Each structure stands twice: as C-alpha cells, then as structure tokens.
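Structure first, then comments.
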Amino acid sequence: MTEQTRPRSRATELALEKAYAAKGPEANRELYASWATTYESGFVVDSGYVYHQEVVKVFCDGFSDPGQPVLDVGCGTGVVGGELAKLGVSVIDGIDISPEMLAEAAAKTCNGRPVYRQLIEADLTGQTELAVGAYAGIVSSGAFTHGIFGPETILKLLRAASPGARFALGINSAHFEEFGFADWLGQRQLDGHISEPHFELRPIYGDADEADPNQWSRIAVFSAS
Ligand SMILES: C[S@@+](CC[C@H](N)C(=O)[O-])C[C@H]1O[C@@H](n2cnc3c(N)ncnc32)[C@H](O)[C@@H]1O
C-alpha cells in the first residue's frame, strides 16, 4: 500500500474499521444508530468522501427523464439524494435499515424543498419487498460493501425497476472481487434480465490510494430489461 497523501483522523480510521467489521443487519443497525449524527460532519468531511458524487455523476450521465422516480439504496443520511437533487432529479425515495440515518435524510433539503419524497425503513437483506416496477432509476453508494449487500440484493432491486430503468450501483472494489459481482451480473444478462453491464472504476475518497481496493469502487451500470 502506498502512503496516503492526506492523513485521516484516528476517529475516521476507527469508524471505517467498525464499519468493515459489522456483519449483517443487526450489527449495521447498531453501528449506524451511533454514527448518524456525526456521519457527515465527521466521516464524510474528514475522509474526503466523494463516492456519492461519483455515483451520481455516472447515473445522471445517461438518465434521460429527471422527473421519473429514483430509488437511493442504503441512502443513510442522504448524501446521494442531495447530489441527485442538485442535478435536477426531482422524485427521490430512499431506503435504509437505520431509523437514525433516515432521520438525518428526512431533514435534507435542496432549494428549500425536502430532497426525499419518501423514506423507507427496511432491511434489504430480509423479507422486504419493494413496489414492483416503481423506479426508473436505482442508485447506491457505500452499501454494496463488506457486511451489507451481496449480489442477491440486486434481484430485489430488479423487481422494483420499471422496464429500461437505469442502474448505477457503487460496489466496493475488494467486495466486488470477493463476491464475483461481474460474473453474477454477466449471468443476469444471459438470463435476459439486464443489458450488458459495464463497470466504472471511481475513487471513494478524493485522495484514494491506488493500491488499496477498499478506497475504490466499481460502479456497475446497466438497464433493467
Ligand atoms: C456506508 S453507509 C452509506 C450511506 C450513503 N449511501 C452514503 O454514501 O453515505 C451504508 C448504509 O447502509 C445501510 N444498511 C446497512 N445494512 C442495511 C440493510 N440490511 N438494509 C438496508 N440498509 C442497510 C446503513 O444503515 C447505512 O446507512
């Protein structure tokens, strides 16, 4: 690993260690309950987090109807929604397991209006079923990662997508390799469920260390069939 150009605080390093160690819905609920009020003012600022901006840039570059509903998966405090709204996406729903993170997202505004139309508290690794065919776009940053979502969560999202819906899912690069996302999505293409996926390599942090796959994301871009 090469030396980082911008040292993070010990608090941010500890928060990341805890996040990567949290496995499954209960551990994540507990972790994000205690992190919600400082997630943006602490972690996002201190780490130079740019993941949400990268995912939204990739999503919007190809999303043709900003008036159609978009789902932000693992929305947390709403940093993705905030970026979408700035770029003119007007109907945004967020889904997350943590009521504390969702409370932060509910307070987020853009030009004096709430960013989110609806915020859904749900465990996407559990029995949750989303409204069928409800979304023309599906985005995510920071949730397809260690201990949260594997490829199978994408099946739920596909059911919630309208035909032709655009997906831009940020997937932690180490997790992407470990869980075989490329092969899994390739198989969904062969099954006729999605268009040919492509993967954009983008930094999670502004000063991402080239040698550390946990500082990079593969943004999976495809359309629902
Ligand atoms: C690293 S945060 C990312 C938040 C935001 N998208 C961002 O980029 O800052 C991961 C989010 O996934 C949520 N999460 C974890 N497990 C989940 C589950 N099983 N179902 C739904 N959301 C979950 C957490 O509550 C947290 O808000």
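Just so you know, all these numbers are worked out from the coordinates, no wet-lab data involved. Bear in mind that the values here come from a model prediction, so they are computed numbers and not experimental data. As a convention, Cβ positions derive from the backbone with ideal geometry for all residues, glycine included, and neighbour counts pool all protein chains shown.
Which one of 161, 131, 211 is touching a residue at least 40 places away in the same chain (Cβ under 8 Å) and more than 17 Å from the chain's Cα centre (by Cα)?
Details: 161 fails: more than 17 Å from the chain's Cα centre (by Cα); 131 fails: touching a residue at least 40 places away in the same chain (Cβ under 8 Å).
One residue alone meets the criteria, 211.
With the requirement that a residue be in contact with a helix residue (DSSP H, G or I) (Cβ under 9 Å, 6 or more places away or on another chain), charged (D, E, K, R) and within 12 Å of residue 139 (Cβ to Cβ), what does the range 32-81 give you?
Correct list: 57, 72.
Take the range 82-102 and flag every residue that is near the ligand (Cβ under 9 Å from one of its atoms) and either under 16 Å from residue 49 (Cβ atoms) or part of a loop (DSSP other than H, G, I, E, B) (or both).
Across the range 82-102, the qualifying residues are 97, 98, 101.
Filter the range 158-173 for residues that are farther than 27 Å from residue 15 by Cβ and not in a strand (DSSP E or B) and give the result. Reasoning before the result, please.
To start, the set of residues in the range 158-173 that are farther than 27 Å from residue 15 by Cβ comprises 158-167.
Listed by number, the residues that qualify are 158, 159, 160.
Scan the range 199-225 residue by residue and report those that are under 18 Å from residue 183 (Cα atoms) and charged (D, E, K, R).
Within the range 199-225, 200, 218 meet the criteria.
With the condition kept exactly as written, say whether any residue in the range 179-193 is in contact (Cβ under 8 Å) with a residue 40 or more places away in the chain and within 24 Å of residue 50 (Cβ to Cβ).
Going residue by residue through the range 179-193, those that are in contact (Cβ under 8 Å) with a residue 40 or more places away in the chain are none.
Among the residues of the range 179-193, not one is in contact (Cβ under 8 Å) with a residue 40 or more places away in the chain and within 24 Å of residue 50 (Cβ to Cβ), which makes the answer no.
Could you tell me which of the residues 150, 133 is touching a helix residue (DSSP H, G or I) at 6+ places or on another chain (Cβ under 9 Å) and under 19 Å from residue 96 (Cβ atoms)? Before you say what the answer is, go through the steps one by one.
Values: 133 fails: under 19 Å from residue 96 (Cβ atoms).
Within the list 150, 133, the selection yields 150.
Just to be sure before I move on: is residue 78 within 24 Å of residue 20 (Cβ to Cβ), near the ligand (Cβ under 9 Å from one of its atoms), in contact with a Gly (Cβ under 7 Å, 6 or more places away or on another chain) and not acidic (Asp, Glu) in the structure I sent?
Numbers: within 24 Å of residue 20 (Cβ to Cβ): yes; near the ligand (Cβ under 9 Å from one of its atoms): yes; in contact with a Gly (Cβ under 7 Å, 6 or more places away or on another chain): yes; not acidic (Asp, Glu): yes.
So residue 78 fits the description; yes.
Among the residues of the range 9-26, are any assigned to a loop (DSSP other than H, G, I, E, B), touching a residue at least 12 places away in the same chain (Cβ under 8 Å), away from the ligand (no atom under 13 Å from the Cβ) and within 24 Å of residue 201 (Cα to Cα)? Talk me through it step by step, then tell me what you get.
So in the range 9-26, the residues assigned to a loop (DSSP other than H, G, I, E, B) come out as 9, 22-24.
Retained after the next criterion (residues that are touching a residue at least 12 places away in the same chain (Cβ under 8 Å)): 9, 22-24.
Filter once more, keeping what is away from the ligand (no atom under 13 Å from the Cβ): 9.
Narrowing the set further to residues that are within 24 Å of residue 201 (Cα to Cα) leaves none.
Scanning the range 9-26, I find no residue that is assigned to a loop (DSSP other than H, G, I, E, B), touching a residue at least 12 places away in the same chain (Cβ under 8 Å), away from the ligand (no atom under 13 Å from the Cβ) and within 24 Å of residue 201 (Cα to Cα), so the answer is no.
Among the residues of the range 66-81, what is the count of those that are touching a residue at least 60 places away in the same chain (Cβ under 8 Å) and assigned to a loop (DSSP other than H, G, I, E, B)?
First, the residues of the range 66-81 that are touching a residue at least 60 places away in the same chain (Cβ under 8 Å): 68-74, 76, 79-80.
In the following step, the residues that additionally are assigned to a loop (DSSP other than H, G, I, E, B) were identified as 68-69, 74, 76.
Going through the range 66-81 one residue at a time, the tally reaches 4.
Would you point out which residue out of 142, 150 is buried (at least 19 other Cβ atoms within 10 Å of the Cβ) and either within 9 Å of the ligand (Cβ to nearest atom) or free of Cβ contacts under 8 Å to residues at least 40 places away in the same chain (or both)?
Numbers: 150 fails: buried (at least 19 other Cβ atoms within 10 Å of the Cβ).
Just a single option satisfies the conditions, and that option is 142.
Mind checking whether some residue in the range 79-92 is buried (at least 20 other Cβ atoms within 10 Å of the Cβ) and among the acidic types (Asp, Glu)? Please lay out each step first, then the result.
We begin by selecting, within the range 79-92, every residue buried (at least 20 other Cβ atoms within 10 Å of the Cβ); these are 79-85, 89, 92.
In the following step, the residues that additionally are among the acidic types (Asp, Glu) were identified as 83.
Checked the range 79-92: at least one residue is buried (at least 20 other Cβ atoms within 10 Å of the Cβ) and among the acidic types (Asp, Glu).
Could you check how many residues of the range 124-139 are crowded, with 16+ Cβ neighbours inside 10 Å and either near the ligand (Cβ under 8 Å from one of its atoms) or β-branched (Val, Ile, Thr) (or both)? Give the steps one after another, and end with the answer.
Our first condition is that a residue be crowded, with 16+ Cβ neighbours inside 10 Å; within the range 124-139, this holds for 124-125, 130, 135-139.
Now drop any that are not either near the ligand (Cβ under 8 Å from one of its atoms) or β-branched (Val, Ile, Thr) (or both), which leaves 124-125, 138-139.
Count: 4.
Being closer than 24 Å to residue 164 by Cα and assigned to a strand (DSSP E or B) is the filter here, so list the residues in the range 107-138 that pass it.
Across the range 107-138, the qualifying residues are 118, 119, 120, 135, 136, 137, 138.
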